[in-house]
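I have placed the structure first, in the form of structure tokens, so that the comments after it can refer back to it.
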Amino acid sequence: MKAIVLAGLLLAACGREREAAPPEIPVGNGKMQLLAPGVFAEPGLSEADHRTLLQAHATAAAKVKEYFGEPHKGLPLALFCHSAMCKVTFGAPPAAAASPDLGFARDGFVNPKGFVTTPVVVATGPVPNTALILTHELVHAEMKAWVPYDALPTWFMEGIATFIADEPNCSAASAVSVFDVRQLDTKEKWQAHLRTGRVTLSTYCHARNEAARWAGKFGDKTSAGSAIRAVCQAVARGESFDQLTSQ
Ligand SMILES: [Zn+2]
């Protein structure tokens, strides 16, 4: 109980600190523009863009809350990038940075004093899918608040994020495959499979279908969210993912 109270106090303190002094986050020759506490946009966007991004942020945060309730460690910093340069600054591979679908989560950002360790999600925006891209990344961030990304099978991490966010959109994905996506249980295997070509959407969607099949056993969104969190907590304690999810 003391630990919970202490964690709450620390979170409150961090929240106050963020309000008092928003971090300086350099990008290009300038810095990310603060739109709201914890929400930043690449400089040069219009007022209308800012309103769109804040709405996307609210939509994404609300969607994740439907499953998980209040974020375990608070929301990560949200960085909206419109240009490839901005996304590369925060760690996107240059070959993928121009993609309008790109989002990713990081453990911090670089400022002139060095690396600042804090959960960060980067989403392309504004684009039509910005809220969904951000939702996918916020699901990763919430699960990573409980257990390191690599401690869970990659197909499960990606499948759950794709299932909750509906991003990427699976309505156009090929439905039939004999391939068992559960083989892709490490980031290395997942990325190697994606590099075989033309399988990115179908792989995400097969992972989504597997995750949805499992999560569907728990009924509503709150119950599914609790079950996901329980798996994260149990794996963090050293329990076997396969045993936890085979029941
Ligand atoms: Zn993902």
To the nearest 20 debye, the chain has a Cα-centred charge dipole, built from +1 on Lys and Arg Cβ and -1 on Asp and Glu Cβ, of 240 debye
As a test of the formula, what do you get for the chain when each DSSP H run with n ≥ 4 contributes -39,500 (n - 2.57) and the sum is divided by the residue count, at 222 nm and rounded to the nearest 500 deg cm²/dmol?
-15500 deg cm²/dmol
Run through the DSSP bridge list for the chain and note the antiparallel percent, rounded to the nearest 5.
60 percent
Please state the relative contact order of the stretch 48-179 as a whole percent: Cα pairs under 8 Å, 6+ residues apart?
26 percent
Contact order normalised by residue count of the stretch 111-221, Cα under 8 Å, 6+ apart, percent:
28 percent
Can you give the charge dipole size of the stretch 75-204 about its Cα centre, rounded to the nearest 20 debye, using +1 on the beta carbon of Lys and Arg and -1 on the beta carbon of Asp and Glu?
320 debye
Go through Q233, Q191, L53 and say which Cα lies farthest out towards the positive end of the charge dipole of the chain; charges sit on Cβ, +1 for Lys and Arg, -1 for Asp and Glu.
Q233
Tell me, what is the percent relative contact order of the stretch 23-82, built from C-alpha pairs under 8 Å that lie six or more residues apart?
38 percent
What does the charge count around F115 come to, taking other residues whose C-beta lies under 12 Å from its C-beta (Lys +1, Arg +1, Asp -1, Glu -1)?
+1
The set of residues whose placed amide H lies less than 5 Å from the amide H of F109, leaving out same-chain residues fewer than 5 positions away, is V116, T118
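Rule-based calculations on the coordinates, nothing more; no lab input. The shown structure was predicted, so the numbers you read here are calculated from the model rather than taken from an experiment. Positions of Cβ are generated from backbone atoms using ideal geometry, with glycine treated the same way; all protein chains shown enter the neighbour counts.
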